[in-house]
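First up is the structure itself, then whatever we jot down about it.
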Amino acid sequence: LELFQQLQQNLSTVLPHNYDLSASNAREPDLQALEQLSDIAGKTTSFLPEVVFFRLTDSKANEHFYTLIHNRGFSNVTSVFSDTKNRLPGEDNLTLVNGFLGAYPNAFWDIRSDELNDLVSRISTLASEADYKELIDLYGVRRTSAQFWPFSDRLQEEFQKTAGVEAGLFDLNRLENR
């Protein structure tokens, strides 16, 4: 850990910071809630999909885009099949980054700034698939929603704007339907 801290300190001027939450220009209360979201770990996160793209709209209608990554814990990864016996849900955690990371989102969420603390609270207390379904009923943008294509197009538009020539098309084949 100490080595990584020294490396980070010595390389700080050349490391990219575009995925840092502070690069999003969100309001301070929103950044604090987002930090709380990224600190959630353990079994409650096991109900979340691997990659979530979400839009946070603040009180002034400014949009901020984030990617929530669910890191799954395993005792070992000796086989790509039957990994359920090696799963350690208690070691799951979340990584939250500014912007878009990955090309295969599993879910889309649309959140207003005044809903952010509720989202964090709900995720930190997830105990069942029913709890997750309730979360998605509130904040998810499902394929069956009339808002799906306009929302998807908005995410793609923002990705093209921020990533430039590195941007591609999001592959929507892995979007969950739960």
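Quick rundown of the values:
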quantity: Single match in G90, G99 (criterion: in contact (Cβ under 8 Å) with a residue 12 or more places away in the chain and at positive phi); calculated: G99
quantity: Sole residue being hydrophobic (A, V, I, L, M, F, W, C), closer than 22 Å to G102 by Cα and within 18 Å of the chain's Cα centre (by Cα), chosen from L155, L116; calculated: L155
quantity: Residues within the stretch 18-54 that are more than 17 Å from E91 (Cα to Cα) and touching an Asp or Glu at 6+ places or on another chain (Cβ under 9 Å), tallied; calculated: 6
quantity: First in the stretch 134-147 and farther than 12 Å from L119 by Cα, second anywhere and acidic (D, E), Cβ under 6 Å, 6 or more apart; calculated: V141/D110
quantity: Conditions (1) of a type in the set (V, I, T); (2) in a helix (DSSP H, G or I); (3) modelled with pLDDT under 90; number of the one not met by T45; calculated: (3)
quantity: Test for T84: is it farther than 24 Å from A163 by Cα, among the hydroxyl-bearing types (S, T, Y) and out of contact with any Phe, Trp or Tyr (no Cβ under 7 Å at 6 or more places or on another chain); calculated: yes
quantity: Some residue of the stretch 69-85 being modelled with pLDDT of 85 or more, within 23 Å of F151 (Cα to Cα) and surrounded by 14 or more Cβ atoms within 10 Å (Cβ to Cβ); calculated: yes
quantity: Matching residues, the stretch 91-113, being under 10 Å from the mean Cα position of the chain (by Cα) and part of a strand (DSSP E or B); calculated: L94, T95, L96, V97, N98, A107, F108, W109
quantity: Residues satisfying the stated conditions in the stretch 86-120, i.e. closer than 12 Å to L48 by Cα and modelled with pLDDT under 90; calculated: P89, D92
quantity: Selection within the stretch 48-90 - under 26 Å from N173 (Cα atoms) and either of a type in the set (D, E) or part of a loop (DSSP other than H, G, I, E, B) (or both); calculated: L48, P49, E50, E63, R72, G73, V77, S79, V80, F81, S82, D83
quantity: R27, sole failed condition from (1) more than 30 Å from A130 (Cβ to Cβ); (2) without any contact (Cβ under 8 Å) to a residue 12 or more places away in the chain; calculated: (2)
quantity: Residue list for the stretch 122-132, filter: loosely packed, with under 13 Cβ neighbours inside 10 Å and either hydrophobic (A, V, I, L, M, F, W, C) or in a helix (DSSP H, G or I) (or both); calculated: A127, E129, A130
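The values are calculated or read from the model by the stated rules, or taken from the named source; none is laboratory data. Just so you know, these numbers come straight off a predicted model, no measurement behind them. In this analysis, Cβ positions are derived from the backbone assuming ideal geometry, glycine residues included, and neighbour counts consider all displayed protein chains.
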